[in-house]
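Below is one structure, written out as structure tokens; comments come after it.
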Amino acid sequence: MGNAKSGALSKELLEELKMNTKYSEEQLYAWYQKFLNECPTGRISREQFESIYASFFPDADPKAYAQHVFRSFDADSDGTLDFKEYIVALHLTSSGKTVEKLEWAFALYDVDRNGTITKNEMHEIVKSIFNMISKEDQKNLPDDENTPEKRTDKIWDFFGKKENGKITEGEFIQGVMDNKNILRLIQFDKPQKVQERLKEKKQ
């Protein structure tokens, strides 16, 4: 292995990412090169993240959702993602373990980061997910979840919350684990497509 490679991506970070994600050394190197090509500073801005995300969804408007995803992974709130935050984001949204995914989903829905989710926050994220579903696909949704308002009400009812109630992280994770229907309702249904397109881009 040449020094150029090991100098570019530290051994410690490589080992940490291999341990905490499902990606191989080859994949991580390939993504690191691509990351540096697109973000020579070694950090990706929210705008860059949005444009990468948008390229996965040409038929939709993922801007609002991408902003929320970005916020949920910007661990130090500095308005950029470094390579580690970026890879963890890719891993979690496509192939993370269920509990890790749900911890991330909670962070996604906890818009003001105060440790609980309100119905308004739930509605904001559900609305951004709807922007990513093509009009054609929206027509095929069941009647009781074919608008952001109906879907938010349905999720809220699953949690048995009053209109002005709040959901804690523990309740959120337990609720989704106990009811697979909620999982389907709270997420954007096509992470596999993102994964496939990432693979295509890499080749």
### Query
Which residues make up the longest stretch of the chain that has no trypsin sites (Lys or Arg not before Pro) in a DSSP loop with at most 13 other Cβ atoms within 10 Å?
23-96
### Task
Under 1.5 on a/c is rounded, so check that first for region 99-202, then, if it is not, pick prolate when a/b is larger than b/c and oblate when it is not; a ≥ b ≥ c are the square roots of the alpha carbon gyration tensor eigenvalues.
oblate
### Message
For the chain, what does the relative contact order come out to in percent, with C-alpha contacts under 8 Å and a separation of six or more?
### Response
20 percent
### Query
Relative to the longest principal Cα axis of the chain, at what angle does helix 191-202 sit, 0 to 90 degrees, rounded to 10?
20 degrees
### Query
What accessible area, in Å² to the nearest ten, does a 1.4 Å probe give for Thr93?
30 Å²
### Message
Can you tell me the orientation of helix 11-20 relative to the chain, as the angle in degrees between its alpha-carbon axis and the longest Cα principal axis, to the nearest 10?
### Response
30 degrees
### Violating pairs (Cα-Cα greater than 30 angstrom) within the set Lys63/Lys139; Lys84/Lys161; Lys84/Lys166; Lys119/Lys180; Lys84/Lys162
Lys84/Lys161; Lys84/Lys166; Lys84/Lys162
### Rounded to whole Hz, the Karplus (6.51, -1.76, 1.60) HN-Hα couplings of region 142-149, x for glycine and proline
x, 4, 8, 8, 8, 9, x, 5
### Task
Any chance you could check the Cα centroid distance between region 70-126 and region 17-35 for me, in angstrom?
20 Å
#### Entry: Between 0 and 90°, nearest 10: helix 98-109 axis offset from the chain longest Cα axis
70 degrees
### Task
Go from 0 up to the bin containing the longest alpha carbon distance in region 76-147, width 10 Å each, and give me the % of pairs per bin.
16, 36, 38, 9, 0
### Task
In nm, give the distance between the simple-model label positions of Arg46 and Asp144, each being 7 Å from the Cα along the Cα-to-Cβ direction.
3.6 nm
## Note on the structure
Long-range alpha-carbon pairs in region 16-96, meaning those over 17 Å apart, account in percent for 46 percent
### Message
Once ligands and nucleic acids are excluded and a 1.4 Å probe is used, how much of Asp144 is accessible, expressed in Å² to the nearest 10?
### Response
80 Å²
### Message
At a threshold of 8 angstrom on Cα-Cα distance, excluding pairs fewer than six apart, so keeping six or more, what relative contact order does region 16-96 reach in percent?
### Response
36 percent
## Note on the structure
Taking the convex hull of the alpha-carbon atoms of the chain and averaging its shadow over every direction gives an area in square nanometres of 11.9 nm²
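The values are calculated or read from the model by the stated rules, or taken from the named source; none is laboratory data. In this text the structure is predicted, and so the values were computed from the model without any measurement. Reconstructed Cβ throughout: ideal geometry from the backbone, glycine too, with neighbour counts over all protein chains shown. Only protein heavy atoms, including side chains, enter the accessible area calculation; ligands, DNA and RNA are left aside. Shrake-Rupley method; radii C 1.70, N 1.55, O 1.52, S 1.80 Å.
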